[in-house]
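Working notes for the structure below.
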Amino acid sequence: MCTAIEFDAAEFGKNGLIRMSVNDRDPKLGIRTCNGPRYVLWGYSKNFCLKKESLVSGYLCHIQSKPVEIIANRALVNGIWFQIKKGIRGILILDGKGSKRVLILTEPSTHYFKIMTRADRMPVLIDQLI
Amino acid sequence: MKIIAHVDADCFYVSCERIRDKSLIGIPVAVLGNQGACVIARSYEMKKFGVKVGMPVWEAKNVCPDAVYVKRDFEWYGEVSYKMREIFLSYSDVVEFYSIDESFIDFGDYSGDLCKLARKIQSEIYHELDMPVSVGISLSRTLAKIGSDKNKPFGVTVVDKSNLEEFLKNTSVGEVCGIGYKLEARLKQMHIDTCFDYVSRPAKFIKSLLHKPGEEIWYELQGKALLLIKNERPQRKMISRGGSLWGYHKDPKYVFGFLVRNLERFCESLLSEKVEIKNFVLVLIDKEGFEYKFSDEMSDFTQDFNIILNSLKHGFRKIFKVGKLYGYCHLIGFPVRSVCGKQLNFFEYGDERRSKIHDLKQQVNSHFGLFTLRSASTAYASTVFGDKTSDYEITDIKGKLCF
């Protein structure tokens, strides 16, 4: 599972890299929207990722959701930080209180990624193969 | 007086990655190899933690938990390397593309300021490509190569007649290209510790000890350029493909499927290099590390997939042992001959119909990717073809003299 994300604050008009971890209190991730980048709470009821397959099979059909691009330069999986070129695909949902939350979409790991991180699943990367 | 420069890029693969991702500058970065398991290059920041080339990623992460791991991209590294070569060619027509990140430049009888020349090359590459390089400039290629390694990273070393003796006294024999650990230990037993000690011994003594290559080094270390700068790569002596079978397998269909996949890669390289082979060798390595080898001399030189496939099938039947777990394979072809200017054969060789099908396959694959149309035997190795990261060939850098 992807447990931390690091992204360039430049998209928010600031300097430096921001690191968000699932262990932080109320972690937030940057997402790209038509109105520019936004911070959204990461995770919903202790889930931070969502399998792409379950999305396809209609897992979220009962709640309002939409696909988003998560701003990311690096991600941490099983203690390995790896480089992300454009970002990660995510899903934006509304929780019971009406606040927006983002989950990282995952897919089965490629052979390379599995050897590199020993993880069975990897985030869905935008225009990038690992 | 002949002047030769050796330009060596500093942690080349990492620097290439930093060209396109500036956020990697100043932090520990490692580039991982073909399978994603081992570090093949690391930044100086990571070197400080004791991470070595070849170290498995799961060990490296414990030593340096904040490091960023990047997947290798040889195509990009090749592109950067070619751009570097173009800059070298603007300085001299005689440039040896020694490896992906190292080149020798022959300046002929240059009489200007050597330090300025070295700094100019260094700053031009840095400003044009953002690539830090170290430059050694001297009277022979051996001295130039030692020089470039002396002041890494981003260093310049000039060795001319004025500082040659001092340079040799301060250089261990182990720093000479061609003298490995074992040889270094042997020389040190004979009280040959520095390059100065080496050249102080008579040439005959060195030749009796280390034969012709040792004698060449003896002259080169004294600034007498014996080893020429080679503009073009000599023809290959062999072609090989192979590697891991993605785990250990005992299913003959899977292993054979994987071998055919490697044969497709093998024949692709024969075609792209415009060469053909006479002998074909198949090697299978089992889990215990034992090698099973089959060698076949074909009736004529060939690059025909179907002819080599027959040899592969024959070899596979001979060496495959039921119940054994195999993990690695190698396909080797030698000697290698160019197909250009080849004499025509009176006798029929191969199957014309099959060759036509294979030609069509090549045409399709050259447009849509190496494994778009593939041999049906490879269907048994479906795991590898189902993985989207392995549907292309890992590129080699053409034209370089060694890796």
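Structure values in brief
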| read-out | value |
| --- | --- |
| Per-residue [θ]222 nm for chain A (sum of -39500 (n - 2.57) over DSSP H runs n ≥ 4, rounded to 500) | -2000 deg cm²/dmol |
| 19 Å reach of a label modelled at B:Arg85, 7 Å along Cα-to-Cβ, counting backbone N of the range B:256-297 | B:269-275 |
| Local electrostatic count, A:Phe12, Cβ distance below 13 Å [Lys/Arg +1, Asp/Glu -1] | +2 |
| The range A:23-130: relative contact order as a whole-number percent, Cα under 8 Å and 6+ apart | 25 |
| Taking all pairs of distinct alpha-carbon atoms in chain A, Kirkwood radius in angstrom | 14.9 |
| Distance between modelled label sites at B:Asn34 and B:Lys52, nm, 7 Å Cα→Cβ extension | 2.2 |
| Rel. contact order, % - alpha carbon contacts under 8 angstrom, at least six apart, the range B:40-111 | 17 |
| Folded to 0 to 90 degrees: helix B:352-368 orientation relative to chain B principal axis, Cα | 50 |
| Shielding score for A:106-115, defined as the mean number of other chain Cβ atoms within 10 Å | 5 |
| Within straight-line cross-link reach of A:Lys52, aspartates and glutamates at Cα separation under 18 Å, skipping those fewer than 8 residues along the same chain | A:Glu69, A:Glu107, A:Asp120, A:Asp127, B:Asp387 |
| Compactness of the protein assembly as shown as Cα Rg over 2.2 N^0.38 Å, two decimals | 1.15 |
| Residue list for the range B:109-129, given a label point 7 angstrom along the Cα-to-Cβ vector of B:Met1 and an amide N cut-off under 18 Å | B:109-119 |
| At 0.692 mPa s and 37 °C, Stokes diffusion of the range B:278-330 via Kirkwood alpha-carbon radius, µm² per second | 281 |
| Among beta bridges that DSSP assigns inside the protein assembly as shown, antiparallel share in %, nearest 5 | 85 |
| Computed E for B:Thr372/B:Glu175 - FRET, C-beta separation, R0 60 angstrom, nearest 0.05 | 0.80 |
| Cα-based Lys proximity count in the range B:190-274, under 30 Å, for pairs eight or more positions apart or on separate chains | 12 |
| Cα-projected label distance for B:Lys250 with A:Ser45, points at 7 Å along beta-carbon direction, nm | 4.6 |
| Whole-number percent relative contact order across chain B, with pairs defined as alpha carbons under 8 Å at least 6 apart | 15 |
| 0 to 90° range, to nearest 10: angle between helix B:141-150 axis and chain B longest Cα axis | 80 |
| Spin-label proximity, B:Phe154 to the range B:104-142 - amide N less than 17 Å from point 7 Å beyond Cα toward beta carbon | B:118-136 |
| Label-point separation in nm, B:Ile25 to B:Lys318, each point 7 Å along Cα→Cβ | 5.8 |
| Highest average packing first - B:11-22, B:48-59, B:329-340, Cβ atoms within 10 Å | B:11-22, B:329-340, B:48-59 |
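Taken together, the values in this text are just the output of simple stated rules run on the coordinates, not laboratory data. From a predicted model like this one, the values you see are computed outputs, not experimental measurements. Reconstructed Cβ throughout: ideal geometry from the backbone, glycine too, with neighbour counts over all protein chains shown.
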